[in-house]
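Nothing in this text is a laboratory measurement; each read-out follows from the coordinates by a stated rule. Worth saying up front: this structure is predicted, and the values here are computed from it rather than measured. Glycine gets a Cβ as well: all are built from the backbone with ideal geometry, and neighbour counts include every protein chain shown.
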Amino acid sequence: MGRESDVRAIARRRRAARKSLAQALYQLQVGGQPWQDVHQQFVADPEFADADPEYFRDALAYIADQRAALDERIVAFSDVDLARLDPVEHGILWLGLYELSVRADVPYRVVINEGVELTKRFGATDGHKYVNAILDRAAAALREAEHGAP
């Protein structure tokens, strides 16, 4: 029972970190601030208390540094011009691609589900359908063995 509650607590803290990341990545795009400033702003917010701070920092730092490479991957899995991509969905795709590429400890189905749920919460009306399709294509390519498993 202890292990199961630990797993749920980790999942809850990561979900809270992803929520903050969706907002931080939007701010990173539209505000043009250094990621370190955005990081400080979020960790100082009392609402951040439930989030996994290490997960948040690692993801934000990686994504900020690898935006061009992540954008190349988005282009490879999408038919939408990056300039037309909604900033909310763009950030959520960065997050999903980060998790698929770097965080093998996060099952691809969790990555897709979390991306879809974040997009439903923060994105455009049907944006979750687009995010689902792109992350599913990315999972098939980046997590071929896991994605193809029954």
* **Which label in (i) 42, 40, 28; (ii) 63, 36, 17; (iii) 43, 31, 21 gives the computed Cα extents along the principal axes in Å** => (i)
* For segment 36-107, projected area of the alpha-carbon convex hull averaged over all directions, nm² -> 5.6 nm²
* Positive minus negative residues near D52 (Lys, Arg vs Asp, Glu; Cβ under 10 Å) -> +3
